[in-house]
1. Considering amide H positions built from the backbone, and no H for Pro or chain starts, which residues 5 or more places from Val215, or on another chain, come under 5 Å of its amide H?
2. Could you list, bin by bin from short to long, the percent of Cα-Cα pairs of the range 52-102 in 10 Å steps?
3. Let me test this: with uniform point scatterers at the alpha carbons of the range 141-232, what is the Debye-based log₁₀ I(q)/I(0) at q = 0.10, 0.13, 0.14, 0.17 1/Å?
4. Set the Förster radius R0 to 25 Å, insert the Cβ-Cβ distance between Arg233 and Glu267 as r into 1/(1 + (r/R0)^6), and round the FRET efficiency to 0.05.
5. Tally Lys/Arg at +1 and Asp/Glu at -1 over every other residue whose Cβ is under 14 Å from the Cβ of Phe167; what's the total?
6. With Kirkwood's inverse mean 1/r over C-alpha pairs for Rh, give me the Rg to Rh ratio of the chain, two decimals please.
7. If you plug each phi of the range 126-134 into the Karplus form 6.51 cos²θ - 1.76 cosθ + 1.60 with θ = phi - 60°, what whole-Hz ³J(HN,Hα) values come out, in order, with x for Gly and Pro?
8. Return P(r) of the range 1-156 (all Cα-Cα pairs; 10 Å bins starting at 0; whole %; ordered from short to long distances).
Amino acid sequence: MPAPLARACVMGHPVAHSRSPMIHGYWLKTLGIEGAYELKDLTPEAFPEFVTRLAAHGYVGGNVTVPHKEMAFKLVQRKDEAAQAIGAVNTIWLEGGVLNGGNSDTHGFISNLDDRAPGWNVPGCRAVVLGAGGAARSAAYALINRGADVILVNRTVARAQELARQFGPRVTAHVTAELPRLLPAADVLVNCTSCGMTGKPPLEIDLAPLKASAVVYDVIYVPLETELLAAARRRGNRTVDGLGMLLQQAGFGFRKWFGGNPKVTPELRALVEADIRAKTTK
Ligand code: NAP
């Protein structure tokens, strides 16, 4: 008898805009895996029943997106360390009938940095991270786990301070006005605010104090090259974009549901880049 078809899905409300089916569909096809990855639009009322009876609905796992990440955090029976630290679950999978929850952003963030800027983790590495929301939380967690010190800079300093309290002495919190004084120390500069994203305010930053060897990373992927990355590229800094993070984080769930070794290939990047270009208005 053939093995049952493994099915996974992205659960959100709305979900029609999700690029996850494109990414997972590419890997299923190129790796020759018999599986399916579907969109599941679930209202907040429908989500708890669906996720807690995932197997009965015919799924082995999936991604969780807005507005269900906090509810998923409450409903899973077991959480991995990253989800626990970040306080949100965006990937779920069944293991021996137990509903597990993880957070793939931290994996995506660091795999992308390793891939696009090898050697970034210099001795005594210091990372200046802009922002204190969900993306900054994932980035800071990933960076301290690799031994870097994190200098968090946020408009609302109380949010950065709360993160620093939770993550311990490797993380310090600062207001945006301190940035010019802090920038010269950065081996890695990461934008985790929504500034610079298409339709949002620009990121106001002067890169002049940054050393030439610093890596500049923007987690935003619409546009594909933000003003920050363009400015960094022009002055010769190595740059890392947010699309790589999006693609790398997807591999985390794919391995749990379907196995195999999904790789972020130039072909996959080109596929998603074309979709972003087609749907982005300047
Ligand atoms: P979030 O939780 O809403 O946090 C937004 C952050 O941006 C906060 O630190 C906020 O500061 C800051 N901010 C917003 N508007 C600002 C302004 N006008 N001036 C200064 N700071 C401002 O959002 P998130 O989930 O962390 O996402 C942030 C960005 O990361 C989004 O663009 C998202 O698309 C991107 N992202 C990318 C990936 C990927 O896979 N590449 C994954 C996750 C997120 P306050 O605390 O002061 O409000």
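1. Val188, Leu189
2. Histogramming the range 52-102 at 10 Å steps yields 29, 59, 12 percent.
3. -0.26, -0.44, -0.52, -0.78
4. 0.60
5. Once all neighbours under 14 Å are counted, the net charge is +2.
6. Over the Cα atoms of the chain, Rg/Rh equals 0.98.
7. Per residue, the Karplus-derived 3J(HN,Hα) values read 10, 10, 8, 10, 8, x, 8, x, x Hz.
8. 10, 33, 33, 19, 5, 0
FYI, it's all coordinate maths here, none of it is from the lab. Values in this document were obtained by computation on a predicted structure and should not be read as measured data. All Cβ positions, even for glycine, are placed from backbone atoms using ideal geometry, and neighbour counts span all protein chains on display.
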